[in-house]
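As structure tokens, the structure follows; a few thoughts come after it.
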Amino acid sequence: MSALRRKLGDEYQVVSTSASGGGLPPPRSAPRGKRQRFGDKNGRCNVQHGNLGGETSRYLSDLFTTLVDLKWRWNLFIFILTYTVAWLFMASMWWVIAYMRGDLNKAHDDSYTPCVANVYNFPSAFLFFIETEATIGYGYRYITDKCPEGIILFLFQSILGSIVDAFLIGCMFIKMSQPKKRAETLMFSEHAAISMRDGKLTLMFRVGNLRNSHMVSAQIRCKLLKSRQTPEGEFLPLDQLELDVGFSTGADQLFLVSPLTICHVIDSKSPFYDLSQRSIHTEQFEIVVILEGIVETTGMTCQARTSYTEDEVLWGHRFFPVISLEEGFFKVDYSQFHATFEVPTPPYSVKEQEEMLLMSSPLIPPAVSNSKERNNSVECLDGLDEVGTKLPSKLQKITGRDDFPKKLLRMSSTTSEKAYSMGDLPMKLQRISSVPGNSEEKLGSKTTKMMSDPMSQSVAELPPKLQKLSGGGGRMEGNLPPKLRKMNSDRFT
């Protein structure tokens, strides 16, 4: 136990839930009486069909399946009874032929040729039939050619015997080769557990395969049986709901070599969304587990079933590990297959946890508000684009460019968000903004002044070659060709 506590921690307590583990499941706070189960632990369903009336004839229409579905004692009784009646009936037919021909009175007359030699009473007729049916052929009793009715009865006996053998032996063979007994070596944990796994509240149970032969294409499904009433007032006593055990992710397809823990994540889509540690004592439900697969040795489909009621679901428990690494192989300890231990688990349902988390969190996070503001600015920008395209051509010429409103809004929005990079400013403004003593007001005023008169730079700030071209302090436009001067004047007016 000390080694276990060092491995799992002091806050965990081992609880054995099987008789073999040397313990009993933890007692309930309010033990209830034994309730009626829909399915037993061995997989048998507690359902009986009654008041069939004339529907019983349907069983006789499929007589082969009816005989296979019968219990072994009834199957053996029918097998023995059918052969006994057939043998007595055919032996009586041979005795009747001998009696009608008078062979019983002339059995010891060597000059008389009977229908069947050495048949002089019923036991001898019965032995002749057994020798013929089983093809033993001792050679003491045999049919002669002086009896045409005996030849016809011999042919009828051969055909009838073949039919009876094929039917009854076929039923026995199918019943013996049924994979139902293969399900006896497929184990389910006696209890299911609810605890946290990967940060989510999870319902778990364990399955295992005792044989070395694998179950090919093993698949597991879970059904929740619970009574409920519809909004229209209809009462459903055994409403079946599907429990997702990994259908969307493919986790329901099992590679059943070692014991596996099957998980159902309890979320908003789960039927256990409102289930808590408090409400599990008052709820009434049953979880039916169905494991299907193909037997590797015979290729036949096998199905194993079990069920868990609400009393067999342990809140705040986890299964004990059963796999250990030995020299060259992994060892499975099935003595701890059903054992569980307690782990810290919140007693609230998933719905209650989400509500508490929602109440403790702020209503509108800052990131959400910023994103909303950006979306609004983008929507305004798109709206201005549409307005700009709808302006008359004369107004579009006054604005200078078609995308003027869009650029204006972008400049205002980026100024408020301070999203312009330094590379977008002129070199002089970059030098001014890099000085730590300058304020944003000075920078804005200088930017406005330079952008209002973009061609008013002094000649002293220009390179020497451009100063020559400018003619010693005038604008550069004086030395430009007339065509370029006209284009510039049209652009800035």
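The values are calculated or read from the model by the stated rules, or taken from the named source; none is laboratory data. Everything quoted here is computed from the prediction, not taken from an experiment. Cβ atoms come from the backbone with ideal geometry, glycine included; neighbour counts cover every protein chain shown. To get the accessible areas, we keep the full protein, side chains included, count just its heavy atoms, and leave off ligands, DNA and RNA. Shrake-Rupley method; radii C 1.70, N 1.55, O 1.52, S 1.80 Å.
Structural remarks
- Close pairs (6 angstrom Cβ cut-off, 6 or more residues apart or separate chains): assigned by the TED database to the domain that holds Met204 and more than 18 Å from Tyr334 (Cβ to Cβ) in segment 246-266, open to solvent by 30 Å² or more (accessible area, probe 1.4 Å) and of a type in the set (S, T, N, Q) anywhere: Asp252/Gln219; Gln253/Gln219
- In segment 320-339, the qualifying residues are those that are exposed (fewer than 10 other Cβ atoms within 10 Å of the Cβ) and of a type in the set (D, E, K, R), and the one that is nearest to Leu256 (Cα to Cα) is Glu326.
- Answer residue from segment 112-143, given it is assigned to a helix (DSSP H, G or I) and more than 19 Å from Leu160 (Cβ to Cβ) and is least open to solvent (accessible area, probe 1.4 Å) among those: Ser124
- Asp109, sole failed condition from (1) loosely packed, with under 11 Cβ neighbours inside 10 Å; (2) assigned by the TED database to the domain that holds Ile163; (3) in a helix (DSSP H, G or I): (3)
- Test: Leu225 is outside the structural domain of Ile266 (by the TED database) and open to solvent by less than 20 Å² (accessible area, probe 1.4 Å): no
- Residues satisfying the stated conditions in segment 253-270, i.e. open to solvent by 20 Å² or more (accessible area, probe 1.4 Å), farther than 18 Å from Ser195 by Cβ and part of a loop (DSSP other than H, G, I, E, B): Phe255, Val257, Ser258, Ser268, Lys269
- Qualifying residue in segment 306-318 (condition: over 16 Å from Arg197 (Cα atoms), part of a loop (DSSP other than H, G, I, E, B) and not aromatic (Phe, Trp, Tyr)): no
- So Val96, is it within 26 Å of Gln303 (Cα to Cα) and either surrounded by 11 or more Cβ atoms within 10 Å (Cβ to Cβ) or among the hydrophobic types (A, V, I, L, M, F, W, C) (or both): no
- Hey, Thr66 in contact with a Phe, Trp or Tyr (Cβ under 7 Å, 6 or more places away or on another chain), more than 25 Å from Ala192 (Cα to Cα) and modelled with pLDDT of 50 or more or not: yes
- Exclusive hit being in a loop (DSSP other than H, G, I, E, B) and crowded, with 17+ Cβ neighbours inside 10 Å, set Val288, Val245: Val245
- Set Ser177, Ser195: member being in contact (Cβ under 8 Å) with a residue 40 or more places away in the chain and surrounded by fewer than 13 Cβ atoms within 10 Å (Cβ to Cβ): Ser177
- Test: residue in segment 35-51 that is part of a helix (DSSP H, G or I) and either modelled with pLDDT under 50 or not aliphatic (A, V, I, L, M) (or both): no
- Residue within segment 304-319 that is of a type outside the set (Asp, Glu) and surrounded by fewer than 16 Cβ atoms within 10 Å (Cβ to Cβ) present: no
- Residue ID - nearest to Val207 (Cα to Cα), chosen from residues in segment 319-361 that are in contact with a Gly (Cβ under 6 Å, 6 or more places away or on another chain) and either part of a strand (DSSP E or B) or among the small types (Gly, Ala, Ser) (or both): Ala339
- Qualifying residue in segment 149-157 (condition: open to solvent by 60 Å² or more (accessible area, probe 1.4 Å), acidic (Asp, Glu) and over 51 Å from the mean Cα position of the chain (by Cα)): yes
- Residue match in segment 176-187 (condition: among the aliphatic types (A, V, I, L, M) and in a helix (DSSP H, G or I)): yes
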